[in-house]
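The values are calculated or read from the model by the stated rules, or taken from the named source; none is laboratory data. The model shown is predicted, which means the values in this text are computed figures rather than measured ones. Backbone-built Cβ (ideal geometry, glycine too); neighbour counts: all protein chains shown.
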Amino acid sequence: MPTDRRAIGPRPADGPRPADRPPPADGPYFVDGAPPRRWRVGRTLSARAVLVSCAVALVSVLVTAAVAGPLAVAAAQRQAKEALTAQARLAAETLRPRLDRGRTADEERIIRQLRNQDIDAYLIRAGVADRPGLPARVVDQVGAGRNFSGRRTVSGVPSLVEGRALPGGNGVVLAREVSTGLFWTVLGSMWVPLLAGLAAGVVAGVLLARRLARPIRNAAIAAGRLRSGDRTVRLPVEPPQEVADLAYAFNQLAAALAGSEGRQREFLLSVSHELRTPLTAIRGYAEAIADGVVGPEGAQRAGQTMLAEAEHLDRLVSDLLALARLEAVDFPLEPMRVDLGRLVADAAETWAARCAGMGVLLRSEVADRPVSAYTDPGRIRQVVDGLLENALRVVPPGTPVVLAVAVAPDGGGVVEVRDGGPGFTDDDLAVAFERGALHQRYRGVRKVGSGLGLALAAGLVRRLGGRITAGHAPEGGARFTVWLPPAR
């Protein structure tokens, strides 16, 4: 079935065509971004739709024949009975004055006319039939002055029988043989419209199959091009609603994938810059020492600088490894009942000296009653330390940094890290936990880290069954709130 490839978008100019690539070892070979066509019966959606439509049309034809056939036979039999009744009434009126005179030429003429219509006529005089063949019960009933209508065996043949009684024990009985092949006769007259209905069903099935398969095939081709690296491919959004939903979802996926890859490129550029900076410093001092530029009096200072830059590299690599392992099933977690008040107090005690050395006021806000949560104390302490590290990087001397803990409405715990630094805009809050997003925005504007800390904190909290949000702090800077599940 032909497909309008122009609706899907242009092919990328760079990069090899999918057809130029070797087929994967564990999957089908896709040519031109589309799966290979297999024409086995029932293999494709089009074939199945045609088969289903044909089956439905065939069943409809059979049901129509099964229902309409008996109805047509019954109608024909009813019409034959009504015609025989009318003939019997007419014959009785015609022969009424003649039955008492014996057999006459008029009787012979009437009987002959009826036989030409495949009707046997019996005359009853004084309760006696003019010839044998009629059932005795029919003769007696008509001779007794009562009409008869029904089916009886006449001369050994199943027949419709209509008897009309006349005065003096006289009467007229008409009999017509019941046709045994009437059903097939009626069905034979119906085969042309039935075949026409079947053909119409097949044609409708083919058209329907083409209509149903076209958007799915377009989506398959577009997906193949998306897989090959074309991020500009889009599907036209057109009715029916299900097809429009599919196209809309695919276009959203393609846009999200393009945006995600763009952020990944920016992130890799940022990480490479962060790696290159300490490596440049280490390499410079190492070359200076190797060339004898740094004398014995400067060796200690050079060693300290190289050690600091090496520690920076170690932290960056550790963060990268932690981010890479966050989604792994075997990521080590040891959740238990944790006193968050005690954990925050320990963190404040650890960071107090560093904050004081930078002229930053570290303040703790702890609830009046114990605050317990079910979490991994080491991982939550890692999150708190990372948030404090980010705060101290941007807050100026004389501004506060606040560590707060409180009871959550659901019985869990809430840990907050607030600061009086420059804070974030509303646009920043929407991407605060994306890798490298804030780093890309504020590099060269203010002091920034590697761009991994907030993404790592969000991943750790999510793995622990909690959630983390960013907002504006009453102190004027940023506020990070960690919600943790209640203790079991």
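A quick yes/no check of all residues on (1) among the polar types (S, T, N, Q); (2) without any contact (Cβ under 8 Å) to a residue 60 or more places away in the chain:
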position	(1), (2)
R418	no, no
G423	no, yes
A432	no, yes
G436	no, no
Q440	yes, no
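Taking the listed residues D106, D120, the one that is surrounded by 13 or more Cβ atoms within 10 Å (Cβ to Cβ), of a type in the set (D, E, K, R) and touching a strand residue (DSSP E or B) at 6+ places or on another chain (Cβ under 7 Å) is D120, with no other qualifying. In segment 61-100, the qualifying residues are those that are without any contact (Cβ under 8 Å) to a residue 60 or more places away in the chain and polar (S, T, N, Q), and the one that is surrounded by the most Cβ atoms within 10 Å (Cβ to Cβ) is T94. Reported count of residues in segment 280-308, each being surrounded by 11 or more Cβ atoms within 10 Å (Cβ to Cβ), modelled with pLDDT under 80 and small (G, A, S), is 3. The single condition among (1) polar (S, T, N, Q); (2) under 45 Å from the mean Cα position of the chain (by Cα); (3) at pLDDT 90 or above that T425 does not satisfy is (3). Scanning segment 93-136 for residues that are under 19 Å from E177 (Cβ atoms), outside any strand (DSSP E or B), at pLDDT 80 or above and out of contact with any Asp or Glu (no Cβ under 8 Å at 6 or more places or on another chain) yields a total of 9. The condition of being loosely packed, with under 14 Cβ neighbours inside 10 Å and closer than 16 Å to P485 by Cα holds for only one of R354, R337, that being R337. Of all residues in segment 233-263, those that are modelled with pLDDT under 85 and of a type in the set (S, T, N, Q) total 2.
Condition check ((1) under 60 Å from the mean Cα position of the chain (by Cα); (2) surrounded by fewer than 13 Cβ atoms within 10 Å (Cβ to Cβ); (3) in the same structural domain as Q87 (by TED's automatic domain parsing); (4) over 30 Å from V73 (Cβ atoms)) across all residues:
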{"site": "D140", "(1), (2), (3), (4)": "no, no, no, yes"}
{"site": "A144", "(1), (2), (3), (4)": "no, yes, no, yes"}
{"site": "G150", "(1), (2), (3), (4)": "no, yes, no, no"}
{"site": "E162", "(1), (2), (3), (4)": "no, no, no, no"}
{"site": "P167", "(1), (2), (3), (4)": "no, yes, no, yes"}
{"site": "V172", "(1), (2), (3), (4)": "no, no, no, no"}
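Looking only at segment 424-447, which residues are within 14 Å of V394 (Cβ to Cβ), surrounded by 20 or more Cβ atoms within 10 Å (Cβ to Cβ) and not hydrophobic (A, V, I, L, M, F, W, C)? The answer is H439, and nothing else. Residues of segment 380-399 that are of a type outside the set (A, V, I, L, M, F, W, C) and touching a Lys or Arg at 6+ places or on another chain (Cβ under 8 Å): R393 alone.
The residue that is farthest from L71 (Cα to Cα), among those in segment 175-212 that are among the β-branched types (V, I, T) and either at pLDDT 70 or above or surrounded by 15 or more Cβ atoms within 10 Å (Cβ to Cβ) (or both), is V206.
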